[in-house]
Amino acid sequence: MTDTTDTRSHMPLGLAQRGYTGVIQHLAAKEAGSALSEVELESRLIELGFVEGARVEILHEGLVGRDPIAVRVDNITIAVRRREAMAIIVA
Amino acid sequence: MEAPLLHLALVGTPNSGKTSLFNALTGSRQKVANYPGVTVERKEGFFVTPLGRQVSVVDLPGTYSLRGRSPDEEITRDFVLGKASGEIVPDIVLCVADSTNLRLTIRLLLELKRTGRPMILVLNMFDIASRRGIDVDVERLAKELDVPVVTSIAVRKGGTADLLKLTDEISAKLAAEPQDNSWRALTVSELRATQREADRIIADCVSLPARPDTWTARIDAVVLHPVGGLIVLALILFVMFQAVFAWAQPAMELLKSGFDSLGELVHATLPDGLLQSFLQNGVISGVGSVIVFLPQIILIFLFILLLEDFGYMARAAFLMDRIMGGAGLHGRAFIPLLSSFACAIPGIMATRVIDDKRDRLTTILIAPLMTCSARIPVYTLIISAFIPAKDVWGFVNLQGLVMFGLYTTGIVSALAVSFVIKFFMIRDYAPAPFMLELPDYKLPRLKSVAIGIFTRAKMFLYRAGTTIFSMMVLIWFLASFPQPPAGATEPAIDFSLAAMIGKALAPLLAPVGFNWQIAVALIPGMAAREVAVAALGTVYAIEGGKEAAEQIGQVLATKWSLATALSMLAWYIFAPQCASTLAVIRRETGSWAWMGVTFAYMLVLAYAASLVTYNVAVALGAG
Ligand SMILES: Nc1nc2c(ncn2[C@@H]2O[C@H](COP(=O)(O)OP(=O)(O)OP(=O)(O)O)[C@@H](O)[C@H]2O)c(=O)[nH]1
Ligand SMILES: [Mg+2]
């Protein structure tokens, strides 16, 4: 049995395509380049359920620059922009 | 001795059904809809428990934490913490959860526990959870959380019985001693820890079925398709405006002929004189000409309510986020702007969900450019008088098309204004983030839609009976006095105060093609836009004398040139013709200056737009 999380390399959710599924590895709010401070962005992501170990899937993307994205996090759907999704490292 | 009033507060993540619960408990009719961020104010209501305890319950805006990131979340935080001075701290906090989505609420609850307030976890929407096969071990959950847990179905009769019973039990043994409040803003690692803890508890107590809501997924496949979704959105808006014009016609004709016969009846039964003129010209022609538009108002509200209850609004915000971003607007601005099609006042209030101050201010400034329902009478009156009711391309009603064009012009101008504001506020930083929960679709509930429509219709009629009526009395008075000297041959109105005022203002408005009758109508139109229609009705009715029973639309068609009519339409796209909107802008921005800015920029745009429209139309031979 192969475990995909071991073989797949880590990447920011902000770069993933529609249909991508994965598990959150960690948050990297510093590198995201969001208007929010590192602490604020990380807090908000956690409050919306983006914590380590949560399953995510990109369900939909917008037209302009494939942005924003609609992400399934466990059993809710959250719309975020790719810029903020860069802080979510998945594999 | 009677027990003191028990204070409850409804706290929970957005869209979990707090307001539905509030309405169920207190019998109120506060606004409920299927998107996050509906409630932006604190509302208090009262009820009596089965055991006779008097209870005050406060509905609060939804929030994911107590950090208070935006004005609406601050209201919740301040109330829960009893921060606002002189506030009562709630005796029991009802933490309301959407049972299909417990993760975020349980995390919030763990945070709320630190405030030391007694709590009840209300597992609301339990009907949906059961239907989906979500199984919650309520007893175990209560034990793990050390908080009483109760299930509820806020939208079903008797769905709050268990909650009422539990409230009685708990209030009987409430500790007199308040517990210590150890709450402070959680650090990132504490947040993470509470979410982990919440996830662990959920894993222990809740069994989730493998299948998610397939309906939502299927609908979203179309509605959120990058291209298809935008086409659907455009179609929805187009059908909405066509419908407002086309479908309402039969009902409007009926009302119109009703008022006409009423006017004739008054004319025939009362002797000629002031009383007859007051009733026929002031009341029936004036107020009647506004009430005729009730069917259209109902239709536009019906569309918006259905979209809101279905769960479409958050999707529309998703689709429009980047497109509006190009004009410097935030995705969250979409819902307030769309509600402004009904009325700018709730639209401006709804901007409280936008946390970035500049984004919020921009949205407030442009919300009045969205075509609110009070403009419908003005537009409809002029369109039906001047635009032929023929079909173009075989199926599109030309009048509906012009209406759609007016709405579009409003939207495009709003985006343009926002773009200019963005330019002035030169952003050297990244745009504020857009993060929004997309709720599962729900079938609109007949009862809540009916209540929504009924409330709006009542409000409209109330306005017609108060603001509009009193303005009409004023207009009638100004247009009737002083009475003409005996033997005068000109129409009586030429001697009146209204004519004096109108003629004094006319030179200012002549360049845009407005006559003195329009000038008279614009002033009371400040109280409410529809008044302009009513005022024109009265002024022309009095001027017309004997043939006053004639329809105002037909009168306009003979008295105005097409250029004047088009100029008037252009004026109304922009004119800051609504005192209540200006007052709300002052309150929400906390500044007279921003109110002044809004007034000034809209007035300038209105004048410029009318000037251009009129002169172009005259040049093209429509003068
Ligand atoms: N089936 C079902 N639907 C519910 C129940 N409670 C609320 N709803 C629906 O859920 C949606 C949200 O309800 P609201 O009462 O507006 O939620 P809220 O928590 O006040 O939302 P915000 O004010 O935005 O925080 C509406 O469409 C309601 O009709 C319930 O117990 N069962
Ligand atoms: Mg609410």
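Selection of first residues in the range B:532-554 that are among the acidic types (Asp, Glu) and modelled with pLDDT under 80 and of second residues that are open to solvent by 10 Å² or more (accessible area, probe 1.4 Å) and in a helix (DSSP H, G or I), restricted to Cβ pairs under 7 Å at least 6 apart or on distinct chains, gives the following pairs, ordered by first then second residue: B:GLU550/B:GLY544.
Quick grid of which residues meet (1) within 32 Å of the chain's Cα centre (by Cα); (2) under 24 Å from B:PRO368 (Cβ atoms); (3) of a type in the set (D, E, K, R):
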site	(1), (2), (3)
B:TYR441	yes, no, no
B:ALA457	yes, yes, no
B:MET471	yes, yes, no
B:GLU490	no, no, yes
B:VAL512	yes, yes, no
B:VAL520	yes, yes, no
B:ARG529	yes, yes, yes
B:LEU536	yes, yes, no
B:GLU543	no, no, yes
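Residues in the range B:325-334 that are in a helix (DSSP H, G or I) and open to solvent by 10 Å² or more (accessible area, probe 1.4 Å): B:GLY325, B:ARG332, B:PHE334. Scanning the range A:23-67 for residues that are surrounded by fewer than 21 Cβ atoms within 10 Å (Cβ to Cβ) and at positive phi returns A:GLY33, A:GLY53, A:GLY65, A:ARG66. From the list B:PHE460, B:PHE481, B:PHE495, B:PHE469, the one residue that fits, being closer than 30 Å to B:LYS31 by Cα and open to solvent by 50 Å² or more (accessible area, probe 1.4 Å), is B:PHE469. Taking the criterion of being over 28 Å from B:ALA374 (Cβ atoms) and assigned to a loop (DSSP other than H, G, I, E, B), the residues of the range B:478-528 that qualify are B:PHE481, B:PRO482, B:GLN483, B:PRO484, B:PRO485, B:ALA486, B:GLY487, B:ALA488, B:THR489, B:GLU490, B:PRO491.
Results for (1) away from every other protein chain (no Cβ under 12 Å); (2) in contact (Cβ under 8 Å) with a residue 12 or more places away in the chain; (3) hydroxyl-bearing (Ser, Thr, Tyr), shown as yes or no for each residue.
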position	(1), (2), (3)
A:VAL23	yes, yes, no
A:ALA29	no, yes, no
A:ALA35	no, no, no
A:VAL39	no, no, no
A:ILE69	no, yes, no
A:MET86	no, yes, no
A:ALA91	yes, yes, no
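In a residue-by-residue description of the range B:424-445, the property of being of a type in the set (Val, Ile, Thr) and surrounded by 13 or more Cβ atoms within 10 Å (Cβ to Cβ) applies to no position. Of all the criteria given as (1) surrounded by fewer than 23 Cβ atoms within 10 Å (Cβ to Cβ); (2) under 19 Å from the mean Cα position of the chain (by Cα); (3) β-branched (Val, Ile, Thr), the one not satisfied by B:THR380 is (2). In the range B:195-218, what residues are open to solvent by 40 Å² or more (accessible area, probe 1.4 Å) and either in a helix (DSSP H, G or I) or within 9 Å of another protein chain (Cβ to nearest Cβ) (or both)? Within the range B:195-218, B:ARG196, B:GLU197, B:ASP199, B:ARG200, B:ALA203, B:ASP204, B:LEU208, B:PRO212, B:THR214, B:TRP215, B:ALA217, B:ARG218 qualify. Could you list, in sequence order, the residues of the range B:13-28 that are within 14 Å of another protein chain (Cβ to nearest Cβ) and near ligand 2 (Cβ under 9 Å from one of its atoms)? Those that are within 14 Å of another protein chain (Cβ to nearest Cβ) and near ligand 2 (Cβ under 9 Å from one of its atoms): B:PRO14, B:ASN15, B:SER16. Taken over the range B:29-69, the criterion of being within 14 Å of chain A (Cβ to nearest Cβ) and within 12 Å of ligand 1 (Cβ to nearest atom) is satisfied by B:ASN34, B:TYR35, B:PRO36, B:GLY37, B:GLY62, B:THR63, B:TYR64. Does the range B:114-144 hold any residues that are among the polar types (S, T, N, Q), within 16 Å of ligand 1 (Cβ to nearest atom) and either part of a loop (DSSP other than H, G, I, E, B) or open to solvent by 20 Å² or more (accessible area, probe 1.4 Å) (or both), and which are they? Answer for the range B:114-144, where residues must be among the polar types (S, T, N, Q), within 16 Å of ligand 1 (Cβ to nearest atom) and either part of a loop (DSSP other than H, G, I, E, B) or open to solvent by 20 Å² or more (accessible area, probe 1.4 Å) (or both): just B:SER130.
The values are calculated or read from the model by the stated rules, or taken from the named source; none is laboratory data. The shown structure was predicted, so the numbers you read here are calculated from the model rather than taken from an experiment. For neighbour counting, all protein chains shown are included, and Cβ atoms are generated from backbone atoms with ideal geometry for every residue, glycine included. Quick note on the areas: whole protein, heavy atoms, side chains included, nothing else; ligands and nucleic acids left out. Shrake-Rupley method; radii C 1.70, N 1.55, O 1.52, S 1.80 Å.
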